[in-house]
Amino acid sequence: MGRKHTFKEWIIAVRPWSFPASAMPVMVTLGYLFAAHEGVNWLNGVWALLNIVVFHAAGNTWSDWFDYRRKVDADDTFGAKTLTSGMFSEKEILRLSIGLLAVASVAGIALWLRTGMPLLYIGLGGLLCTVFYPYLKYKALGDFVIFIAYALLPTLGTVYACTLLIDWQVLYLAVPVGLITVAILHCNNLRDIRTDKRAHIRTIAMNIGGRASVWLYCFEILFPYLWIAGCVIFCVLPVWTLLIWLSVIPAIQNVRTALKFFRDGSDVISSLDEATAKLQLLFSLMFAAAFVLSGLFS
């Protein structure tokens, strides 16, 4: 019988500091709905927000279990330490993951019954992304899965849950938020090229090499600012969304850190994933706030 765990340890196991990656696309979409739609079902919006966070927690523990079994995570890697440190057993993490996935699935079915069939398809897409993410990640498809699961599907699903409409224009929001989210994973993979090779898995960072990976990271961080500026110029997004440019200074700082990889190697970017996650949170909160201000004053 395993030892009894504290509540703090269970919280550590689901990695709550990563939740903005899934929650922020929904928050930005809710801001967009505040500005652009009437008759929004806000209860469904909050429901969608909470549900994707539970799905994310399930995905974190599911991925950790696979990574540990595949020896992607080890004592000398930067990955989650819940298993490598002996804090939890494999069986405990697997049970936690299955339990969270069951809760998220039941809540998703209930939300589908409150709305309609499109949400079922979107939800199934998210479920498949969660379940098959470890396998696809090992085949250099993790970046694409993250963009689908934490950008395209949440924005489309949130709009439908709140309005019973498929609003394709919301994908203009998914691109910038999703690229920064993918950058979190990408700089992780750049840092872990050596240990990932040892585990015999493939990532985009490994496929294109360290130098190209740095430039790809820079693109993922800076292009969202240009994207939003272009959308404003072409009247796709309100002028208020230019407020996200207030977060460009930490974005540039992240880019400068990434460029140091050329001189100092992977050690210099050991905490770049954390800095990128903070940027994603700041960027998305400003993006959501811009829509709220647009709705109030336009």
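Taking the condition out of contact with any Asp or Glu (no Cβ under 9 Å at 6 or more places or on another chain) and over 18 Å from Leu226 (Cβ atoms), does Ser284 pass? Answer is no for this residue. The set of residues in segment 111-148 that are more than 20 Å from the chain's Cα centre (by Cα) and either in contact (Cβ under 8 Å) with a residue 12 or more places away in the chain or surrounded by 17 or more Cβ atoms within 10 Å (Cβ to Cβ) (or both) comprises Leu111, Trp112, Arg114, Thr115, Gly116, Pro118. Condition first: modelled with pLDDT of 95 or more, closer than 20 Å to Gly178 by Cα and not in a helix (DSSP H, G or I). Can you find one or more residues in segment 283-291 that meet it? Within segment 283-291, none of the residues are modelled with pLDDT of 95 or more, closer than 20 Å to Gly178 by Cα and not in a helix (DSSP H, G or I).
Does segment 85-93 contain at least one residue that is surrounded by 14 or more Cβ atoms within 10 Å (Cβ to Cβ) and assigned to a helix (DSSP H, G or I)? Checked against the condition, which is being surrounded by 14 or more Cβ atoms within 10 Å (Cβ to Cβ) and assigned to a helix (DSSP H, G or I), segment 85-93 yields at least one hit.
For (1) polar (S, T, N, Q); (2) in contact with a Leu (Cβ under 9 Å, 6 or more places away or on another chain); (3) surrounded by fewer than 16 Cβ atoms within 10 Å (Cβ to Cβ), each residue gets a yes or a no:
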{"residue": "Leu185", "(1), (2), (3)": "no, no, no"}
{"residue": "Ala205", "(1), (2), (3)": "no, yes, no"}
{"residue": "Tyr217", "(1), (2), (3)": "no, yes, no"}
{"residue": "Leu237", "(1), (2), (3)": "no, yes, no"}
{"residue": "Trp240", "(1), (2), (3)": "no, yes, no"}
{"residue": "Leu243", "(1), (2), (3)": "no, yes, no"}
{"residue": "Ala251", "(1), (2), (3)": "no, yes, no"}
{"residue": "Thr257", "(1), (2), (3)": "yes, yes, no"}
{"residue": "Asp267", "(1), (2), (3)": "no, no, yes"}
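Candidates are the residues of segment 15-36 that are in contact with a Leu (Cβ under 8 Å, 6 or more places away or on another chain) and not hydrophobic (A, V, I, L, M, F, W, C); the one that is farthest from Ala275 (Cα to Cα) is Tyr32.
Which residues, taken from segment 269-281, are surrounded by fewer than 18 Cβ atoms within 10 Å (Cβ to Cβ) and more than 17 Å from Asp192 (Cα to Cα)? Listed by number, the list holds a single entry, Lys278.
Taken over segment 46-76, the criterion of being part of a loop (DSSP other than H, G, I, E, B) and hydrophobic (A, V, I, L, M, F, W, C) is satisfied by Val72, Ala74.
The values are calculated or read from the model by the stated rules, or taken from the named source; none is laboratory data. These numbers were taken from a predicted model, which means no experiment stands behind them. Positions of Cβ are backbone-derived with ideal geometry, glycine not excepted, and every protein chain shown enters the neighbour counts.
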